[in-house]
Structures are given as C-alpha cells and as structure tokens.
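Read-outs: derived from the displayed coordinates by stated rules, not from any lab. Predicted model, so just to flag it, every value in this text is computed and none were measured. We place every Cβ from the backbone using ideal geometry, glycine too, and count neighbours over all the protein chains shown.
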Amino acid sequence: MKIRYAERKDVPLILKFIKELACYEKMSDEVVATEAILEDWLFDRKRAEVIFALEGDSEVGFALFFHNFSTFLGRSGLYLEDLFVKPEYRGKGYGKGLLKALAKIAVERECGRLEWVCLDWNHPSIEFYKSMGAIPMDDWTIYRVTGERLKAMAKE
C-alpha cells in the first residue's frame with residue numbers, strides 16, 4: 001500500500017470520495033461541495049489537505065484533514081474530517097494505513113493530538129478506531145451553527 005498527497009488534478013476524485021462517504025452515512029442530500037469549491041478551499045486557500053491510500057495505481061481510500069489548535073497543549077493538532085475506504089477494499093489495512101499516515105504527519109509537524117468524530121450508529125468504525133488506540137470523548141457534545149442561523153448570528 002502507498003499513501004500520497006492529493007494534487008489539484010485530484011479534485012474530481014476527492015469529490016467522488018466525499019459523495020461515496022455521504023452515501024454510506026445516509027447524508028447524500030447534505031453534500032453541496034463542488035469541484036470549484038474544493039479547488040478553492042483545498043488548493044488556493046490551503047485550508048485542508050487530502051491523502052489517498054493506493055492499491056497499485058488506484059486510489060482506494062482517502063482522508064481529509066486540517067490543523068486545529070489546543071489551548072491546553074499550546075500547539076496545533078490534526079483534525080480528521082473524513083476517512084473513507086471503498087467497501088470492496090475494507091478489511092485489508094487501508095484505513096489503518098491512512099490513520100498511521102496521519103499519526104506520522106502529526107508527529108512530524110509536532111502536533112499535540114489527532115482527533116475526529118464518528119457517528120454513534122457506525123459501530124464497525126467505532127470498534128476499528130478503538131482497536132487503533134483511540135479513546136472516545138464521552139463527556140463532550142459537538143455544537144454546530146450553519147446556514148441562515150450562522151449568518152443571522154454574525155449580524156447580531
């Protein structure tokens with residue numbers, strides 16, 4: 001297995017993986033990203049990065065991540081937004097390879113942690129993450145403001 005960073009020419013492939021993940025998570029109707037939006041935010045603004053897991057020359061999984069910051073640690077961390085391996089390639093070590101690659105990136109960049117969220121119903125992924133040494137943060141709840149409410153809040 002090889003891991004490689006995404007390049008600008010990979011934007012259509014990145015969007016394809018995002019849509020496959022959304023389908024798996026039963027959230028396809030929430031994807032509004034386009035190739036133009038992804039190209040702008042990933043490659044022009046450089047707000048997130050993508051790595052791929054390859055079998056031979058074929059991309060079989062991806063991870064999209066970005067830096068966050070821990071005030072308690074006083075340093076950046078890596079936040080994994082999306083990790084997805086095509087169903088026919090699961091159980092072959094690609095997800096583990098992507099997580100190990102992210103851990104290596106975090107260590108090389110002197111990050112204090114690697115973190116992500118997982119849907120509560122996704123028991124196969126939860127068990128996989130726990131097997132990799134991840135610890136659920138049961139005492140934390142994610143809050144989110146989006147769309148019109150976000151715009152309204154900004155005006156208040």
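For the range 95-145, just say rounded, prolate or oblate: build the C-alpha gyration tensor, square-root its eigenvalues into a ≥ b ≥ c, call rounded for a/c under 1.5, and beyond that prolate if a/b exceeds b/c, oblate if not. Before the final figure, lay out the partial values.
Numbers: a/c = 2.21, a/b = 1.31, b/c = 1.68.
Oblate, because a/c is 1.5 or more while a/b does not exceed b/c.
Per the helix-only calculation at 222 nm, which mean residue ellipticity applies to the chain, given -39500 (n - 2.57) for every DSSP H run of n ≥ 4 and division by its residues, nearest 500 deg cm²/dmol?
Details: 5 runs with 51 residues, N = 156.
Result for the chain, helices only: -9500 deg cm²/dmol.
Working out 0.36 nm times the residue gap between K19 and K96, then minus their Cα-Cα distance, what length gain in nm do you get to one decimal?
Working it through step by step, the gained length comes to 25.6 nm.
Compute the length gained on full extension between K26 and E81: take 0.36 nm times their separation in residues and subtract their Cα-Cα distance, giving the result in nm to one decimal.
Result: 18.1 nm gained on full extension.
Measuring from centroid to centroid over Cα atoms, what is the spacing of the range 1-51 and the range 78-113 in Å?
So the separation of the two Cα centres works out to 15 Å.
State the answer as a single residue: which of I14, L80, A103 lies farthest towards the positive end of the charge dipole of the range 2-155, with beta carbon charges of +1 for Lys and Arg and -1 for Asp and Glu, about the Cα centre.
About the Cα centre, the residue reaching furthest to the positive side is A103.
Positive end of the charge dipole of the range 2-155 (Lys, Arg +1 and Asp, Glu -1 on Cβ, about the Cα centre): tell me which of L54, P124, F65 has its Cα farthest that way.
Ranked along the dipole, the leading option is F65.
Mind jotting down a quarter of the surface of the convex hull over the alpha carbons of the chain, in square nanometres, one decimal?
10.9 nm²
The chain: longest stretch without exposed chymotrypsin sites (Phe, Trp or Tyr not before Pro) (DSSP loop, at most 12 other Cβ within 10 Å), sites themselves excluded? Before the final figure, lay out the partial values.
Working: sites that count: F72, W121, W140, Y143.
Segment 1-71 is the longest.
Using the structure shown, list the pairs from K19/K46; K9/K130; K26/K104; K46/K100; K96/K151; K46/K92 with a Cα-Cα distance above 27 Å, or answer none. Please list the in-between numbers first.
Values: K19/K46 21 Å; K9/K130 34 Å; K26/K104 31 Å; K46/K100 22 Å; K96/K151 39 Å; K46/K92 31 Å.
Listed pairs above 27 Å: K9/K130; K26/K104; K96/K151; K46/K92.
Could you compute the FRET efficiency for R8 and C118, with r as their C-beta to C-beta distance and R0 at 35 Å, rounded to 0.05?
Approximately 0.75, to the nearest 0.05.
Can you tell me what share of the DSSP beta bridges in the chain is antiparallel? A percent to the nearest 5 is fine.
Taking every DSSP beta bridge with both residues in the chain, the antiparallel ones total about 90 percent.
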